[in-house]
Amino acid sequence: MKTYTAKELAELINGVVSGEGERTISGVNSLKMAAETDISFLSTIKYKKQMEESKAAIVLVEEGMKVEPSDTRTLIFCENPDKAFTKICNLFAPEPIVYEPRICPGAYIDPTAKVAEGVYIGPNAVVMPYAEIGKGTVIGGGAYVGHYVRIGENCMINANVSIMHRCIIGNKVIIHSGTTIGADGFGYTPTFRGLVKVPQNGIVQIDNDVEIGANSTIDRARFGRTWIKKGVKIDNLVHVAHNVIVGESSVLIGQCGIAGSAELGRGVIIAAQAGVNGHITLGDGSRVAGASAVQKSLPPGVSVFGTPAETDTEFFERHTLPRKVRRLADKIAKLEEELAKLKSE
């Protein structure tokens, strides 16, 4: 069992010990769940009471916070407790799973596919004709790699991922289980005979260093490409529709949805359960709060929330307007009353 003293941990994260420096821990946990052998962290002073009730032996706190150690708890003051805690968590992380290069029994690889050296292909995975897989990539059990798909180097394609025909995956991409890349976009034309399917002839392109969570869906383009640019991080259960462009280093959080042909700039954040209308543009660095509905384009750097989504200025103007109207109505009523008195005199 690994154990560390408060002094050792403080040295690791460039922190300052307050209290017993030789106190030891052998695990990490939240303030609520921590045992007497765990370390935890206090991210904001509003959880101070939770820290005081915690059994954690050592707690990381932000520099300048007005909290004190106790007989059973040592504090380590540091610049960013959240980041420092992540660093300490890594001390107790299990060894990463190593996939030795091989093709497992039950996997099917078409003779026309190109599989580079150092690739792992798991049980019951399928690699279809003319697909290409770069060196060092892992294809998990039950994954499907479609016709003419190109996957780059050192990717992690987890179990039961489906990458449909002609899609392009860059280097160092992580795709978690159950996700589908390149299903048909949702396109139909109403006719007197019913809905007629519009062909979806484009692809999905995913650039380097993208991570996509479990059970997400990224639809192929009607024409051209649906494009997830470098460094984008996508949570579980996210839907990206056809011909969407997601700019570099953007973040899409669980259950949000991006409608067709929307374009997100660089560093955009879409929070959980938010929806973005089709054919609009979200400027670089814009942020959409959870469960919001964005119906019109946003300029760079703006934050919006609500349905329909609006800025904080628009929100407060709209919610204070009824009070302003009531005050004006009262003033008008008083003026009318005074005017009536003057007329009667």
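The values are calculated or read from the model by the stated rules, or taken from the named source; none is laboratory data. Small disclaimer: the values here were computed from a predicted structure and weren't measured. Cβ: placed from backbone, ideal geometry, glycine included. Neighbour counts: every protein chain shown. These accessible areas exclude ligands, DNA and RNA; they are computed on the full protein's heavy atoms, side chains included. Shrake-Rupley method; radii C 1.70, N 1.55, O 1.52, S 1.80 Å.
The residues listed here are 151, 168, 175, 181; of these, the one that is without any contact (Cβ under 8 Å) to a residue 24 or more places away in the chain and touching a strand residue (DSSP E or B) at 6+ places or on another chain (Cβ under 9 Å) is 151.
Of 56, 93, all but one fail to be out of contact with any helix residue (DSSP H, G or I) (no Cβ under 6 Å at 6 or more places or on another chain), under 16 Å from residue 4 (Cβ atoms) and either at pLDDT below 95 or open to solvent by 80 Å² or more (accessible area, probe 1.4 Å) (or both); the exception is 93. The strands (runs of 3 or more DSSP E) found entirely in the range 186-261 that carry 3 or more residues being touching a Cys at 6+ places or on another chain (Cβ under 8 Å) and buried (at least 18 other Cβ atoms within 10 Å of the Cβ) are 203-206. The set of residues in the range 119-159 that are open to solvent by less than 20 Å² (accessible area, probe 1.4 Å), of a type in the set (A, V, I, L, M) and part of a loop (DSSP other than H, G, I, E, B) comprises 119, 125, 131, 143, 149.
Restricting 77, 85 to residues that are open to solvent by 10 Å² or more (accessible area, probe 1.4 Å) and part of a strand (DSSP E or B) narrows the list to 77.
Taking the options 154, 208, 124, 171, name whichever one is closer than 25 Å to residue 245 by Cα and more than 20 Å from the chain's Cα centre (by Cα).
Details: 208 fails: more than 20 Å from the chain's Cα centre (by Cα); 124 fails: closer than 25 Å to residue 245 by Cα; 171 fails: more than 20 Å from the chain's Cα centre (by Cα).
Only one candidate passes the filter, namely 154.
Contact map, the range 291-303: first residue within 20 Å of residue 266 (Cβ to Cβ) and touching a residue at least 24 places away in the same chain (Cβ under 8 Å), second residue open to solvent by 30 Å² or more (accessible area, probe 1.4 Å) and not aliphatic (A, V, I, L, M), Cβ cut-off under 6 Å, separation 6 or more or different chains; pairs are 300/284. Those residues that are assigned to a helix (DSSP H, G or I) and touching a Ser or Thr at 6+ places or on another chain (Cβ under 6 Å), I need them from the range 32-63; list them, please. None - no residue of the range 32-63 is assigned to a helix (DSSP H, G or I) and touching a Ser or Thr at 6+ places or on another chain (Cβ under 6 Å), so the list stays empty.
For the range 282-333, filtered to residues that are among the polar types (S, T, N, Q) and part of a helix (DSSP H, G or I), the residue that is modelled with the lowest pLDDT is 320.
Are any residues in the range 1-31 in a loop (DSSP other than H, G, I, E, B) and either open to solvent by less than 30 Å² (accessible area, probe 1.4 Å) or at pLDDT 95 or above (or both), and if so, which ones?
3, 14, 15, 19, 20, 21, 22, 23, 26, 29, 30, 31
Scoring residue 23 on the criteria (1) within 30 Å of residue 160 (Cβ to Cβ); (2) charged (D, E, K, R); (3) more than 30 Å from the chain's Cα centre (by Cα) leaves a single failure, condition (1).
Within the range 271-297, being farther than 14 Å from residue 251 by Cβ and open to solvent by less than 20 Å² (accessible area, probe 1.4 Å) holds for 278, 280, 283, 292, 294.
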